[in-house]
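What follows is a short report on a single structure.
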Amino acid sequence: MESAVTHILPLTLIRRKRVLPVPGRVLVSNGEKVIATDIVAQAGQPGRHVLVDVRRLLGFSRSDQAEKVIQCSQGIRVSQGDVIAQTEGLFSHTVRAPISGMVITISAGRVLIEEDSPPLQVRAGLSGIVREVIAERGVVIENHGALIQGRLGNNLADQGMLLIIARSADDELVSARLDVSMRGAVLVGGHCGQAEALKAAGELALRGLILSSITADLLPLLQQASYPIMVLEGIGKLPFCQAAFQLLTTNEKRDVCINAAAYDPYSGTRPELVVPLPGIGELPPEAVDFAPGKTVRMLAAPFASQSGSLIQVRAGKTRLASGIHAPAADIRLANNETITVALANLDVLE
């Protein structure tokens, strides 16, 4: 049976495609060096449309009366508050633009405005070299280094120096441990169960935050944060996988790229941390078979986030402690304890 792979690798080749969902303009060239925050492609996107009914607002009975007092024309840009229409006389009345944008049409005494919308942009999310330009869509970027993938992210990317404040794999991030010396760092903080800790981290202008896990009530704060947050293990109170924690501590004070992309099982996109290194790595597999000797991680309680060595995949279906029958495997933990886990609750670390 094939399994998706979670990469926790000390040295590998990282190759990432960054593309627009619609045709646009590529802003970098083949062979060009980019950093994680660089915009590599962008495209225009339509804004919302607002219909201003001048005839009704000014109380005219006929549309031609309204069109005589409309002071804008099709194709021009207006700013919020600009005069669109105005009557004459001692008691004049004014209609102003409710939004900034372009006048699309004027018809039957009504003005249709398309709101200004920021361009749709794709950032590199990884420092490296552009190896391929995909016309009107984006690029393929490559680099060599350490790679750690996670399970949750808030769709932001940045880069900075890696700083470890978690004293152990099961440590917890609390606001009292944060201070101004951490400003501009990508911080490894452990489990987070305090809203105050996330808010304090934001006030420090961090370049990124790496957590082992987070409580469910803090997910809205995670999504609203102005800095990248990457969660390696998931929701609940879970320690760092030991392999990931060891790799993080080994690379402390190196410059890293954090791309806290939202996990998408269909495209394979995952939040990840890259530590650019001078060595040469090989491209890792994206899927492998469950096989004896593979290092696997448990994804559900009671052994969530623990890793072990796969001994064997059991034939057929096995009755588990929960009472369900499912494909399963025997796993040897670091303490030599052997457990049986459903394959659905395992992923391979490679």
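Observations on the model:
- Some residue of the range 153-164 being more than 29 Å from residue 27 (Cβ to Cβ) and more than 18 Å from the chain's Cα centre (by Cα): yes
- Scanning the range 209-256 for residues that are surrounded by fewer than 21 Cβ atoms within 10 Å (Cβ to Cβ) and assigned to a loop (DSSP other than H, G, I, E, B) yields 215, 225, 226, 236, 237, 251, 252, 253, 254.
- Residue pairs whose Cβ atoms lie under 6 Å apart, separated by 6 or more positions or on different chains, with the first residue in the range 53-75 and β-branched (Val, Ile, Thr) and the second surrounded by 14 or more Cβ atoms within 10 Å (Cβ to Cβ) and part of a loop (DSSP other than H, G, I, E, B), are 54/109; 69/87.
- Pairs with Cβ under 7 Å, 6+ apart, first in the range 87-99 and over 14 Å from residue 68 (Cα atoms), second in a loop (DSSP other than H, G, I, E, B): 96/81; 96/82; 97/79; 97/80; 97/81; 97/82; 98/80; 99/80
- Qualifying residue in the range 11-27 (condition: free of Cβ contacts under 8 Å to residues at least 60 places away in the same chain and either part of a loop (DSSP other than H, G, I, E, B) or not charged (D, E, K, R) (or both)): yes
- Odd one out for residue 13, checked against (1) of a type outside the set (S, T, N, Q); (2) modelled with pLDDT of 95 or more; (3) out of contact with any His (no Cβ under 8 Å at 6 or more places or on another chain): (3)
- Filtered by the rule that a residue be surrounded by fewer than 18 Cβ atoms within 10 Å (Cβ to Cβ) and assigned to a strand (DSSP E or B), the range 114-139 gives 114, 115, 120, 121, 129, 131, 132, 134.
- The set of residues in the range 243-264 being within 19 Å of residue 18 (Cβ to Cβ) and not small (Gly, Ala, Ser) consists of 256, 257, 258, 259, 263, 264.
The values are calculated or read from the model by the stated rules, or taken from the named source; none is laboratory data. Owing to the predicted nature of the structure, the values given are computational and were not obtained by experimental measurement. We place every Cβ from the backbone using ideal geometry, glycine too, and count neighbours over all the protein chains shown.
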